[in-house]
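Everything on this sheet refers to the single structure shown next.
We did not get these values from a lab; they are worked out from the coordinates using the rules stated. Every value quoted in this text rests on a predicted model; they were computed, and no experiment measured them. Cβ atoms come from the backbone with ideal geometry, glycine included; neighbour counts cover every protein chain shown.
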Protein chains: 2
Amino acid sequence: MNYVMGYRCTLCGKEYEANLMDYTCPACGPKGILDVVYDYSQMKKQITREYFRDNKNFSMWRYGPMTTVVQNSLLERTLRVGWTPVYLANQLGQKLNLKELYIKDDGINPTSSLKDRASVVAVVKAIENKFDTICCSSTGNAASSLAGNAARMGLKAVIFVPDRAPAGKLTQLLIYGAKVISVAGSYQQTFELSAEAISRWGWYNRNAGINAHLVEGKKTVSLEFIEQLNWEVPDWVAVSVGDGCTIGGVYKGFYDLLMLGLIDRMPKILGVQAEGCCPFVTAHRENKPLVPTEENTLADSIAVGVPRNPVKALEAVKNTQGEWITVSDDKILETMKLLGTTEGIFGEPAGVAGLAGVVEAINKGLIKAHERVGVIITGNGLKDINNGLKAVGEPLRVEPEISQLEQILTN
Amino acid sequence: MNYVMGYRCTLCGKEYEANLMDYTCPACGPKGILDVVYDYSQMKKQITREYFRDNKNFSMWRYGPMTTVVQNSLLERTLRVGWTPVYLANQLGQKLNLKELYIKDDGINPTSSLKDRASVVAVVKAIENKFDTICCSSTGNAASSLAGNAARMGLKAVIFVPDRAPAGKLTQLLIYGAKVISVAGSYQQTFELSAEAISRWGWYNRNAGINAHLVEGKKTVSLEFIEQLNWEVPDWVAVSVGDGCTIGGVYKGFYDLLMLGLIDRMPKILGVQAEGCCPFVTAHRENKPLVPTEENTLADSIAVGVPRNPVKALEAVKNTQGEWITVSDDKILETMKLLGTTEGIFGEPAGVAGLAGVVEAINKGLIKAHERVGVIITGNGLKDINNGLKAVGEPLRVEPEISQLEQILTN
């Protein structure tokens, strides 16, 4: 049971029935990414604060009726995605001179990234629609989360990755038994090859720019965040941006809650990109359409020169009176260490870029000391040890003798 | 508030008051590891099935009153450890011809291993006792979990690691801001140097063989497992064994539940060691005391030639009519792939060794098809990508051309 009324094209605005079989707008083609339209007046009757008070499902499926999934029996068998921890970051907040800073650690998911939220929905939709193979192209986390979630549900997965993907993420794919196609080319070429293969072999398409269901999975990060904050909306929520789908999902979650009357205002969304790959920031600053850019950052999960979801991402910031900001790779590495040292959370480079953006926004006077700020850490630092090592120094090496140690520790 | 009556020495059996300040038995010295003794008759009044039914704390602190922690206000500020998922492993169960196989994925913890359960207790006890520095020596997970949990609570951490520790684990330590001492020597030498330093500088000691509180944290994995199985006890629970502290904790959890009348029998505990480092298995087979052995296995977390907790480990198996078993490194790697492919769970080598032991025990006729089996995956595979890569093949590499792909996929 769900409350889907239909789909609306993010480009031309045309609406379609809930039984539409196309991934994107039949009128606009692949760029006509669809947005799911819900019957909030009906949803409102079920989804109340009381509903959550009595709900004992501590996974993202506690929000199942707010998504597009249909077969509830499938949800009991998936990996347990979501209900990741939210921490009041006392030490880090103090260091940044922020009164209230909340960190949601979405690296604590079954395959260690936020992307599990989208992949588990994709897997369920594929099975609901009787596919036996699911496919995506990804710089990493979408892929590994798809591989893991597909494995758990007995669905075959074919994954296209650009050959620069970090070893940690590749290993995950192979451990989960996916058929991995490593493409000697850019993310764009990888994406196009996967699209061709999907249409040739009739697989289910998990590419986030194409598939409208994925944003509906990702939005659960916002639903959780707000519920875990006891429905008190932060002033800002920061998230790193690559393809634009995650920030689109973050926005959709807040939008749903507003439509349901569960919150009475939206947080401002801070979209954070890496300096070396920031098509959204450039487009916003120059008030022009997105243009393809280089993919020159160590934060591989957000190194997307041709974002697939421009409309949803731009609207997320615009509709919340939020802001776009860039951070350098050096600042990203610094932030990895800062977050680990002050709060015991280890995020991958793209995972902490949102937080690096908050630091930058504070320095620029954009975020004020009295504001309540939420940050989503999108992926686990263990995914990308090589960059983790860049962020830290070497350990102290000693022979097993206390005298040597004494010298070191008393210096 | 807790129900600690005192401590009992696992060697000489002598009992001590709850206010004992020594880590180990004053009569037996460092080998006299203590066991915490609870007042179960009092604990019983609070800890009932109804208590859990109404408990909304979904972390290991839902079992806080069953541990040795005192200051409840501290518990709200720790990393969120525990309440990791339990999966009915349908596909894997079928493959192994087991009717009911349950996997508890303890890699889904804040620093990605079961050790978080012990470290968070250690950190709380250190703060309760007004220490400002905590120390341990560890092959990896105990250390990284201590570093993360200490960082979150503003406690300084000094960590001794043998210099063979995998990069993933080392990186975690450094990201969390611990002072890391990499010792050119064996685990035994590393341990001894840490012991000397702890006594020299008066730090809190988190070494699991020494500190009786740690088992009380680790036991929460069993408490959870049984509650998540709706109090239905499996016939077997398998866990990998290195130092002996984890299996000791697993046992203690079941023991507590039995004493409280929450279960009416214990599962048989299957202690699994790597062929290349199996002092417990040898001692059991030859019915002799443990002798130091080589540390010759890729499963670094259980490569412990001189286990610190022999008594608790041996009793865990003996008192439950369980069994000891070894697995080869090849089987461990095979099991990593098997678990990933069938269930979407990625465990590190030591993490899946328990499951490899189950496969072995089935082959030997020790575990029967009709039995209910539980397995604890003790650590996340992302911790040790190098061994993950050994367990899988290479991805298929292609140029971005559909024709090349067609050749590969239709072969």
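Things worth noting here:
- Qualifying residue in the range A:102-118 (condition: farther than 22 Å from B:G82 by Cα and either surrounded by fewer than 22 Cβ atoms within 10 Å (Cβ to Cβ) or of a type in the set (S, T, N, Q) (or both)): no
- Test result for A:V69, surrounded by 14 or more Cβ atoms within 10 Å (Cβ to Cβ), part of a strand (DSSP E or B) and among the hydrophobic types (A, V, I, L, M, F, W, C): no
- Just one of (1) free of Cβ contacts under 8 Å to residues at least 24 places away in the same chain; (2) touching a strand residue (DSSP E or B) at 6+ places or on another chain (Cβ under 6 Å) fails for B:K130. It is (2).
- Any hit, the range A:117-124, residues being among the charged types (D, E, K, R), under 18 Å from the mean Cα position of the chain (by Cα) and over 24 Å from B:E399 (Cα atoms): yes
- In a residue-by-residue description of the range A:147-154, the property of being buried (at least 24 other Cβ atoms within 10 Å of the Cβ), more than 9 Å from every other protein chain (Cβ to nearest Cβ), in contact with a Pro (Cβ under 9 Å, 6 or more places away or on another chain) and touching a residue at least 60 places away in the same chain (Cβ under 8 Å) applies to no position.
- A:A157 vs. criteria in contact (Cβ under 8 Å) with a residue 24 or more places away in the chain, within 19 Å of B:Q91 (Cα to Cα) and in a helix (DSSP H, G or I): no
- Cross-chain or 6+ apart pairs with Cβ under 7 Å, the range B:229-251 first and over 20 Å from B:N207 (Cα atoms), then assigned to a strand (DSSP E or B) and among the hydroxyl-bearing types (S, T, Y): B:L229/B:Y102; B:P234/B:Y102
- Taking the conditions (1) in contact with an Asp or Glu (Cβ under 7 Å, 6 or more places away or on another chain); (2) part of a loop (DSSP other than H, G, I, E, B); (3) of a type outside the set (D, E); (4) facing chain A (nearest Cβ under 9 Å) in turn, B:T111 satisfies each one other than (1).
- Residue that is farthest from the other protein chains (Cβ to nearest Cβ), among those in the range A:353-373 that are surrounded by 13 or more Cβ atoms within 10 Å (Cβ to Cβ) and outside any helix (DSSP H, G or I): A:L366
- Test: residue in the range B:114-130 that is of a type outside the set (A, V, I, L, M), within 12 Å of chain A (Cβ to nearest Cβ) and closer than 25 Å to A:S113 by Cβ: yes
- When the range B:179-196 is filtered for residues that are in contact with a strand residue (DSSP E or B) (Cβ under 7 Å, 6 or more places away or on another chain) and at the interface with chain A (Cβ under 9 Å from one of its Cβ atoms), the ones remaining, listed by number, are B:K179, B:V180, B:I181, B:S182, B:V183, B:A184, B:G185, B:S186, B:Q189, B:T190, B:L193.
- Verdict on A:E295 being over 30 Å from A:I47 (Cα atoms) and surrounded by fewer than 20 Cβ atoms within 10 Å (Cβ to Cβ): no
- Every residue from the range A:301-342 that is in a helix (DSSP H, G or I), of a type in the set (S, T, N, Q) and either in contact with a strand residue (DSSP E or B) (Cβ under 7 Å, 6 or more places away or on another chain) or free of Cβ contacts under 8 Å to residues at least 24 places away in the same chain (or both): A:S301, A:T341
- The range A:252-278 residues that are closer than 30 Å to A:E295 by Cβ, paired with ones that are in a helix (DSSP H, G or I) and among the hydroxyl-bearing types (S, T, Y) (beta carbon under 7 Å, 6 or more apart): A:G253/A:T220; A:G253/A:S222; A:F254/A:S222; A:I269/A:Y251
- When the range B:374-393 is limited to residues that are facing another protein chain (nearest Cβ under 9 Å) and out of contact with any Gly (no Cβ under 9 Å at 6 or more places or on another chain), the one that is surrounded by the most Cβ atoms within 10 Å (Cβ to Cβ) turns out to be B:L389.
- Filter result for the condition that a residue is assigned to a loop (DSSP other than H, G, I, E, B) and within 21 Å of A:D116 (Cα to Cα), over A:I385, A:I345, A:I376: A:I345
- For the range B:204-213, the condition holds for no residue, the condition being that it is facing chain A (nearest Cβ under 10 Å), farther than 25 Å from B:V86 by Cα and among the hydrophobic types (A, V, I, L, M, F, W, C).
- From A:L101, A:L74, residue being part of a helix (DSSP H, G or I), in contact with a helix residue (DSSP H, G or I) (Cβ under 6 Å, 6 or more places away or on another chain) and of a type in the set (A, V, I, L, M): A:L74
- Test: residue in the range B:53-65 that is in contact with a His (Cβ under 7 Å, 6 or more places away or on another chain) and surrounded by 17 or more Cβ atoms within 10 Å (Cβ to Cβ): no
- Scope the range B:162-173; condition at the interface with chain A (Cβ under 7 Å from one of its Cβ atoms) and surrounded by 24 or more Cβ atoms within 10 Å (Cβ to Cβ); matching residues: B:G168, B:L170, B:T171, B:Q172
- B:N55 being within 12 Å of chain A (Cβ to nearest Cβ), without any contact (Cβ under 8 Å) to a residue 12 or more places away in the chain and in contact with a helix residue (DSSP H, G or I) (Cβ under 8 Å, 6 or more places away or on another chain): yes
- Residue in the range A:30-50 that is touching a His at 6+ places or on another chain (Cβ under 9 Å) and either surrounded by 15 or more Cβ atoms within 10 Å (Cβ to Cβ) or in a helix (DSSP H, G or I) (or both) present: yes
- A:G140 vs. criteria away from every other protein chain (no Cβ under 11 Å), in contact (Cβ under 8 Å) with a residue 40 or more places away in the chain and touching a strand residue (DSSP E or B) at 6+ places or on another chain (Cβ under 9 Å): yes
- Of the helices (runs of 4 or more DSSP H) entirely within the range B:197-277, those holding at least 1 residues that are within 30 Å of A:P400 (Cα to Cα) and touching a helix residue (DSSP H, G or I) at 6+ places or on another chain (Cβ under 9 Å) occupy B:212-218, B:245-259.
- Residue selected from the range B:119-137 under the condition closer than 12 Å to B:V81 by Cβ and out of contact with any Asp or Glu (no Cβ under 8 Å at 6 or more places or on another chain), by the criterion surrounded by the most Cβ atoms within 10 Å (Cβ to Cβ): B:S119
- Close pairs (9 angstrom Cβ cut-off, 6 or more residues apart or separate chains): facing chain A (nearest Cβ under 7 Å) and under 24 Å from A:T171 (Cα atoms) in the range B:395-406, of a type in the set (G, A, S) and part of a helix (DSSP H, G or I) anywhere: B:L405/A:A197
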